[in-house]
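The values are calculated or read from the model by the stated rules, or taken from the named source; none is laboratory data. Everything quoted here is computed from the prediction, not taken from an experiment. Heads up, the Cβs are rebuilt from the backbone with ideal geometry, glycines too, and the neighbour counts pull from every protein chain shown. We work out accessible area using only protein heavy atoms, side chains counted, and drop any ligands, DNA or RNA first. Shrake-Rupley method; radii C 1.70, N 1.55, O 1.52, S 1.80 Å.
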Amino acid sequence: MSVKEATKAAPAPVRATPESPRHPKRKRAWDEAPRWQVYLPLGIYLVFTLIPFYWILLFSLRPAGSTSLVPWPMTFEHFEKVWTDRSFGTYFTNSVLVGVATLLMTTLVALAGGYALARFDFKIKRAFMLALLCSQFVPGALLLVPLFEIFAELQMINSLGSVILAETVFQLPLSMILISNFIKNVPYSLEEAAWVDGCNRMTAFRIVVLPLLRPGLIAVGSFAFVHSWNHFLFALMFLNNQDKQTIPVGLNSLMSADSVDLGALAAGGIIAAVPVVIVFAFIQKWLITGFSAGAVKG
C-alpha cells in the first residue's frame, strides 16, 4: 500500500471542540449561582426604592387624619387644595415656561459651541476645555451674588427671564462638552462630501450632521429641562412675587415652622414628579444612546 493510499484509509483526526472533554465548557460564577441569590438583592433594592413612592402616593390620596396604610376611601381633596388654594396651577405653568426656555437656549448655544470645539482648532482650545471642566466644580450658591447684581442692573429681578438665563449659564459647560464629543463621532468625510456637492458649511451641518445628533440633543435637552424643573435656589433668590414662583418654591411654602400639611405636600410632590416621569418614559431610548455616545471621544 502506498503512502497516499494509507493516508486516505486512515481515519481523520477528531478536532477538539468546546463541547469535547478536552475543552470542557467554562462556567462563570454567576452561572452556578441559584436564581434566588440574584433575585433576592434585586427585590430588596426594588422594595426600598418603591416604598417612598408608595408612601407619598398614600398621603396624597387618603383623607386628612386617616392612618390607614391603604388609600381607601380615595380622595383628591389634597390635589384640589394645592392646585387652587395654594396656586400650584400658576407654579406649574411657570415651571413649564422656565424648563422649556432653558431647554431651547441650552441646546442651541451648546450646539454652536460644541460644533466649534469639535471641528475647529484654535490656540486656547485646551485652556477653554479645561475652564469648562473646572466650572463644574463651582457650586451654584457661589454664583448667587454676582448673578443677583447683574440682574438687578438689568432690572430683571422678579422676572422668569433671570431664572432662565441663570439656569442656561449653569447648564452650558456640561452640555457643550457632551455635544462636542457627540459631534466628533460623526465622520468628517460626510460634511466634505456635502461640500463637494455644493453645500456650504451651514447647509451641510443642517442636512448631514444635525439629523445624526438627535440622540445627543435629546439627552442634553432633557438634562437641562429636568435640572431647571427641580432647581430651587435660583427661583427662590430671583423671584419675589407669588405669581412668579416655580414648583420647588411652592413645595417649600407648604412647610412652616409650626406645622406641615403632609397631604398637600405629598400631592404637590406628585404634581412635580409626574411630568418628569412622563418625559423620561418617552425619551429613555434616545437618552441612553445620547449619553453613551457623548461620553467617549470618537
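LEU42 fulfils the conditions (1) under 21 Å from ILE271 (Cα atoms); (2) assigned to a helix (DSSP H, G or I) except for a single criterion, (1).
Of the residues PHE225, PHE234, only one is more than 20 Å from ILE179 (Cα to Cα), in contact (Cβ under 8 Å) with a residue 24 or more places away in the chain and either open to solvent by 40 Å² or more (accessible area, probe 1.4 Å) or in a helix (DSSP H, G or I) (or both); which? Write out each step before concluding.
Values: PHE225 fails: more than 20 Å from ILE179 (Cα to Cα).
After ruling out the rest, the residue left standing is PHE234.
Could you figure out which of (1) of a type outside the set (Phe, Trp, Tyr); (2) closer than 19 Å to LEU58 by Cα; (3) buried (at least 17 other Cβ atoms within 10 Å of the Cβ) isn't true of LYS244? Condition not satisfied by LYS244: (2). Residues being hydroxyl-bearing (Ser, Thr, Tyr), over 15 Å from ARG119 (Cα atoms) and either more than 17 Å from the chain's Cα centre (by Cα) or modelled with pLDDT of 85 or more (or both) are entirely absent from segment 177-187.
The single condition among (1) in contact with a Pro (Cβ under 9 Å, 6 or more places away or on another chain); (2) open to solvent by 40 Å² or more (accessible area, probe 1.4 Å) that PHE137 does not satisfy is (1).
Would you mention how many residues in segment 175-207 are of a type in the set (S, T, N, Q), outside any loop (DSSP other than H, G, I, E, B) and over 30 Å from THR102 (Cβ atoms)? Can you show your working first?
Taking segment 175-207 as the starting set, the residues that turn out to be of a type in the set (S, T, N, Q) are 175, 180-181, 185, 189, 200, 203.
Filter again for outside any loop (DSSP other than H, G, I, E, B), leaving 175, 180-181, 189, 203.
Then drop every residue that is not over 30 Å from THR102 (Cβ atoms), which leaves 189.
So the answer is 1.
In segment 69-96, which residue that is in a loop (DSSP other than H, G, I, E, B) and open to solvent by 40 Å² or more (accessible area, probe 1.4 Å) is nearest to TRP229 (Cα to Cα)? Break it down stepwise before answering.
Initial filter on segment 69-96 (in a loop (DSSP other than H, G, I, E, B)): 69-76, 86-87.
After this cut, where a residue has to be open to solvent by 40 Å² or more (accessible area, probe 1.4 Å) as well, the list is 69-70, 72-74, 76, 86.
Numbers: LEU69: 31, VAL70: 30, TRP72: 31, PRO73: 32, MET74: 29, PHE76: 24, ARG86: 18 Å.
In this case the residue turns out to be ARG86.
Close Cβ contacts (under 7 Å, 6 or more residues apart or on different chains) running from residues in segment 184-209 that are free of Cβ contacts under 8 Å to residues at least 12 places away in the same chain to residues that are surrounded by 13 or more Cβ atoms within 10 Å (Cβ to Cβ) and assigned to a helix (DSSP H, G or I) comprise TRP195/ALA204; CYS199/ILE207.
Restricting segment 175-193 to residues that are closer than 30 Å to PRO139 by Cα and among the β-branched types (Val, Ile, Thr), the residue that is most open to solvent (accessible area, probe 1.4 Å) is ILE177.
Restricting attention to segment 29-48, which residues are β-branched (Val, Ile, Thr) and modelled with pLDDT under 85? Result: VAL38, single match. Out of LEU172, LEU132, LEU210, LEU144, one residue alone is outside any loop (DSSP other than H, G, I, E, B) and open to solvent by 40 Å² or more (accessible area, probe 1.4 Å). It is LEU210. Report, ordered by the first and then the second residue, all pairs with beta carbons closer than 8 Å, sequence separation of six or more or different chains, a first member in segment 78-93 that is within 13 Å of THR246 (Cα to Cα), and a second member that is open to solvent by 80 Å² or more (accessible area, probe 1.4 Å). If the second residue must be open to solvent by 80 Å² or more (accessible area, probe 1.4 Å), the pairs left are SER87/GLN242; SER87/ASP243; GLY89/TRP83; THR90/GLN242; THR90/ASP243.
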